[in-house]
Amino acid sequence: MSYYKYLGLDNEPFSTSPDPHFFYHSLSHNTALKRLEIAIRLRRGLCIILGDVGMGKTTLSRLLLQTFKDENDFIFHLILDPSFKSEFQFLLTLVKMFNITPDFKSTLDFKEALEKYLFQMGVEENKTIVLLIDEGQKLTPENLEVLRTLLNYETNEYKLLQLVIMAQVELLPRIKRIRNFMDRVALKYTINPLDELETKEMIEFRLRQAGYIGYQSLFSDEAVRLIYDYSQGYPRKIAMICHDALEELVMRDAPVVDAGIIRDLILAREDVYAR
């Protein structure tokens, strides 16, 4: 039996998988999501969301997809790993993703086909094409240049491609070195870590989402304070510590996760949490 069943829970509350059902909407995450939605609806072009590892960027991208899932005029395409080795490989992936027959001999042919597709979909069929790229820090300078070219395709009123890049902060200095790239940025937003109150709220929210209905919290206030101090408000690290803490709670047959359990975990698994 899984540990969470012993606690009367229906599901694992602290998985690190990008599940929108368990995503706690902090002020920073909500702001990013709302600004993205507005920028896409207005067809403003390039949006860049920055954040360190474990800040919830991937889950945020899933929430963005969910926001538009019932709207047929918005067509989303998702690239999870953009570490393409060449411009040709990247362009080939894009034309296949857009269902364009890849019968071309040069990168120029690819770009012309993409421009034609974006014009047809965006102007003739009035569809909004959104390309969502996760792990954007893996984009090579060569392929960032490809994206810059695609952002040139526009009408007098709007961009034909809505490009959302989720990336670690290391991407920013690289794109600043590409001529005219930053000029095309309609939205640049950095996701901030949770504060102590949000850390507590995230823990309680995930427990409720997993089916917890007890009156007493499973985490003492001091335990939450230690989790916040150690995690610095990074959602993934909070989830990892809480997952291990609940397992330890079951093993010790204790009523709540107290500060002692958290201290023991940090000492024993510091190398894991530091990744």
Conditions first: (1) assigned to a helix (DSSP H, G or I); (2) under 28 Å from SER217 (Cβ atoms). LEU65 passes all but one, so which condition is the exception?
(2)
Extreme residue, modelled with the lowest pLDDT, among residues of the stretch 101-121 that are surrounded by fewer than 16 Cβ atoms within 10 Å (Cβ to Cβ) and not charged (D, E, K, R)
PRO102
Going through the stretch 139-153 one residue at a time, which ones are under 18 Å from CYS47 (Cβ atoms) and buried (at least 16 other Cβ atoms within 10 Å of the Cβ)?
LEU139, ASN143, LEU144, VAL146, LEU147, ARG148, LEU150, LEU151, TYR153
Please tell me if ASP183 is more than 20 Å from MET55 (Cβ to Cβ), assigned by TED's automatic domain parsing to the domain that holds ILE40 and in a helix (DSSP H, G or I).
yes
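Table: residues versus (1) among the hydrophobic types (A, V, I, L, M, F, W, C); (2) under 28 Å from GLU112 (Cβ atoms).
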residue: GLU142; (1), (2): no, yes
residue: LEU160; (1), (2): yes, yes
residue: MET166; (1), (2): yes, no
residue: VAL185; (1), (2): yes, yes
residue: ASN192; (1), (2): no, no
Helices (runs of 4 or more DSSP H) wholly in the stretch 218-275 with at least 1 residues that are buried (at least 20 other Cβ atoms within 10 Å of the Cβ) and polar (S, T, N, Q) - which ones?
221-231
When MET182 is run through (1) in contact with a helix residue (DSSP H, G or I) (Cβ under 7 Å, 6 or more places away or on another chain); (2) at pLDDT 95 or above; (3) hydrophobic (A, V, I, L, M, F, W, C), the failure sits at (2)
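The values are calculated or read from the model by the stated rules, or taken from the named source; none is laboratory data. Remember, it's a predicted structure, so these values are computed and weren't measured experimentally. Please note: Cβ atoms are built from the backbone with ideal geometry, for glycine as well, and neighbour counts cover all protein chains shown.
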